[in-house]
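Encoded as C-alpha cells, the structure appears first; notes follow it.
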Amino acid sequence: MTRQILVIGGGAAGFFGAISCATANPRDRVTILEAGAAVLSKVHISGGGRCNVTHHCFDPALLAQHYPRGGKALRGAFSRFQPQDTIAWFEARGVKLKTEADGRIFPVSDDSQTIIDCLVQEATALGIRIRTRAAVKDIAKVGSQFHVTIAQQAQPLVGDRVLLTTGSSSHGYRLAAQLGHTIIPPVPSLFTFQINDPLLQERSGLSVPTVQATLKLPQQPPLTQTGAILVTHWGFSGPVVLKLSAWGARALAAHNYRGLLVINWLPHLSLPQIQGELAACRSHTPKRAIANHCPFPLPRRLWSYWTTTLGIPPEQTWAHLRKKQLLALAEVLHRGTFAIAGKGSFKEEFVTCGGVALKEVDFKTMASRCCEGLFLAGEILDMDGVTGGFNLQSAWTTGWIAGQGLAGESTDTLSAAASTATLS
C-alpha cells in the first residue's frame, strides 16, 4: 500500500527524515513542504558557509554532554546514529569530509553547497517531491489521516503520516500545539555578550586561545567554561562565550541578559604564581616600561588594556611598580570582571532552547506520544547543542530515526521496526 508522507520543513532534519523514510520503504510517497524559496537555508550558512557537518566525537555518552538540553534523550539516539554514521553516509555519496584541529568536520570543498547538493540529489533520486514556497497554514487530524492546508492552495493535502521539522519557527510550534503538544517557551541560545566598555571595544579582533570564563547571575550557581575568546566591537565572542550562552540560556533570559563575566586570562597559573611573575619583572627588568613589557603569553593590546584601565602611566617602569599596583594587575589577570549589558547574535546562525517537550516524544522512533502518526525531529524539539557541529548532528540523528519510524508498518510496531532498520 502506498502511503502519503508529508515532511513539513525543508531543513537538515526534514531532508534526512524524508531520505531515511524513502530508503527504508520505497513504496511510501514522500513530499517535503518548505515555506521559503529555498531548502536547507540553515545548512547553507552553517560554519560560515562551509557547513560544519558534525563533530569528531564518536562516544555517544561524551557526545551527549555537548547538549545543554536534550543530552539524556539523545544519548540512546546516538547509539544508533552518530557522527561516524553521518560521515559514512555522506562519503558513500561522494562527499569527502575533513576534520579540523578542534574536532569540527567540514566538506573538503569548504562549501556548504556540496552538502546541499548531495541531499537534494539523493532526495530526487529516491522520488521525493520537494515543494518550496509551500507554507503550511494549518494542520488537522481527521480520522487516521492529516489534512494539511497550504497557503494559496484551495484543497488541503492529505497525509497518512507527518514529520514536523520546522526548527525554531513559532509557526511550527503552533502546529505542534494544535496536535496536542506542550511547547517549552523558546529563548535564544548561542549568542555573544555585549560589554559596554569603549576601551575594550577599541581592541576588537584581539583573541586569546585559552581562558577560563565564569558566568555569574543572581541566585544562580556560577557556570564555568574553558576555551578561546574573541574581543569584538560590541564585547566578547568566541567558543567559550558561546558555550556559556548555551548552558546559561534560560538563566540569562530570566535576568534580561545582565550579569557578570569573570575571566581568568592565565588559567594555567595560580594567583600567587602570577604575583610572583610580576615581582620577578620588577627585579629583572626594572628599567623597562610596564606598558611595553608583558611577562605572559598574552596579546600586547590586552596587556595595554589592563595597564590603562588600572591607571598605570605609559612611561612608568617596573622599578616603580607599587605593591598595590602589582596586586591589582595580578587580580585582573586572574579574575578580570566585566558587566554583561545584553546579548548579541552569533553571525546568522540562530539557535534556540525550548520547543516541544521531550517527554512527549518517543526517541526510539521520534513518534509523538500525543498524536498517532505524527513524528518530530530537529530543533522543533526542546534540545540544543553548543557550537561545533553538534546541532547539525542532532538533526541528522533525529531525522534518520524519524524516517525509520515513518517507514514502519504501523505505529504499534514502530519501535521494533526502528531498532532493526539500517540505512542503506
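Every read-out reported here was derived from the displayed coordinates using simple, explicitly stated rules and does not represent laboratory data. The shown structure was predicted, so the numbers you read here are calculated from the model rather than taken from an experiment. Glycine also receives a Cβ, built like all others from the backbone with ideal geometry; neighbour counts cover every protein chain displayed.
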| task | With all distinct Cα pairs included, what does the Kirkwood hydrodynamic radius of the chain come out to in Å, to one decimal, could you say? | result | 23.4 Å
| request: Search the structure for amide H atoms under 5 Å from the amide H of I340, placed 1.01 Å from N in the peptide plane, and list their residues when 5 or more places away or on another chain. | output: G259, L260, L261
| task | In a Gaussian network model over the chain where Cα atoms closer than 10 Å are linked, find which of V120, V142, V39 has the largest mean-square fluctuation. | result | V142
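Once R0 is set to 35 Å, what does the formula 1/(1 + (r/R0)^6) return for the Cβ-Cβ distance between E372 and Q201, expressed as a FRET efficiency to the nearest 0.05? List each step's numbers first, then the result.
Numbers: r = 55 Å, r/R0 = 1.56.
Once the sixth-power term is evaluated, E becomes 0.05.
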| query | A140 to H233: extension gain in nm, 0.36 nm per residue of separation minus the Cα-Cα distance? | reply | 28.7 nm
| Mean shadow area of region 147-259, taken as a quarter of the surface of its Cα convex hull (nm²) | 10.9 nm²
| Using θ = phi - 60° and the Karplus curve 6.51 cos²θ - 1.76 cosθ + 1.60, what whole-Hz ³J(HN,Hα) does each residue of region 72-77 get, with Gly and Pro shown as x? | 5, 5, 6, 4, x, 4
| Which percent of Cα-Cα pairs in region 276-363 sits in each 10 Å bin, short to long? | 14, 37, 15, 12, 11, 8, 4
| remark: Under the Karplus relation with 6.51, -1.76 and 1.60 and θ = phi - 60°, whole-Hz ³J(HN,Hα) for region 107-118, x at Gly and Pro, equal x, 4, 5, 6, 9, 4, 4, 4, 6, 4, 4, 4
| message | Give me the dipole magnitude in Debye, nearest 20, for the chain about the Cα centre, with unit charges on the beta carbon: positive for Lys and Arg, negative for Asp and Glu. | response | 1020 debye
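Here is the link list: K141/K359; K216/K359; K42/K96; K287/K323; K137/K359. Which ones come out longer than 24 Å on Cα distance?
Values: K141/K359 21 Å; K216/K359 30 Å; K42/K96 20 Å; K287/K323 17 Å; K137/K359 26 Å.
Correct reply: K216/K359; K137/K359.
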| remark: For the pair I45 and R27, the simple spin-label estimate (label points 7 Å beyond Cα toward Cβ) gives in nm 4.2 nm
| note | Listed residues A407, A22, A38; largest mean-square fluctuation, Gaussian network over the chain with Cα springs below 10 Å, found at A38
| request: Loop only per DSSP, at most 12 neighbouring Cβ atoms within 10 Å: give me the trypsin sites (Lys or Arg not before Pro) in region 271-329, ordered by residue number. | output: K287, R322
| task | Quickly work out the L271-to-Q153 label distance, labels modelled 7 Å from Cα along the C-beta direction, and quote it in nm with one decimal. | result | 6.5 nm
| remark: Under 5 Å from the placed amide H of V30, counting only residues 5+ away or on other chains, we find I5, R129
| request: Report, ordered by chain and residue number, the aspartates and glutamates lying within cross-link reach of K343, taken as a straight Cα distance under 16 Å and ignoring same-chain residues fewer than 8 apart. | output: D197
| message | Quick check: Cα centre of region 173-187 to Cα centre of region 1-39, how many Å? | response | 21 Å
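With an 8 Å cut-off on Cα pairs and a minimum separation of 6 or more residues, tell me the relative contact order of the chain in percent.
On the way: 943 pairs, mean separation 103.6, N = 424.
Computed over the chain, the figure is 24 percent.
Suppose every Lys and Arg Cβ carries +1 and every Asp and Glu Cβ carries -1, with no other charges. What dipole size does region 48-125 come out with about its Cα centre, to the nearest 20 debye? Numbers along the way, then the final one.
Numbers: 9 positive and 9 negative charges, 70 e Å.
Here the size comes out at about 340 debye.
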| query | Across region 82-89, in residue order, what do the Karplus-derived ³J(HN,Hα) couplings come to in whole Hz, using 6.51 cos²θ - 1.76 cosθ + 1.60 with θ = phi - 60° and x for Gly and Pro? | reply | 10, x, 4, 5, 4, 4, 4, 4
| Rounded, prolate or oblate: which fits region 55-149, taking a ≥ b ≥ c as square roots of the Cα gyration tensor eigenvalues, rounded meaning a/c under 1.5, else prolate when a/b beats b/c? | oblate
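Grab the DSSP H runs of the chain that are 4 residues or longer, score each as -39,500 (n - 2.57), total them, divide by all residues and round the 222 nm result to the nearest 500 deg cm²/dmol. Write out the running numbers ahead of the final one.
Values: 15 runs with 144 residues, N = 424.
Per the formula, -10000 deg cm²/dmol.
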| message | List the residues, sorted by chain then number, that are 5 or more residues from D138 or on another chain and whose placed amide H is less than 5 Å from its amide H. | response | T149
| Looking at the chain, what % of its DSSP beta bridges pair antiparallel, to the nearest 5? | 75 percent
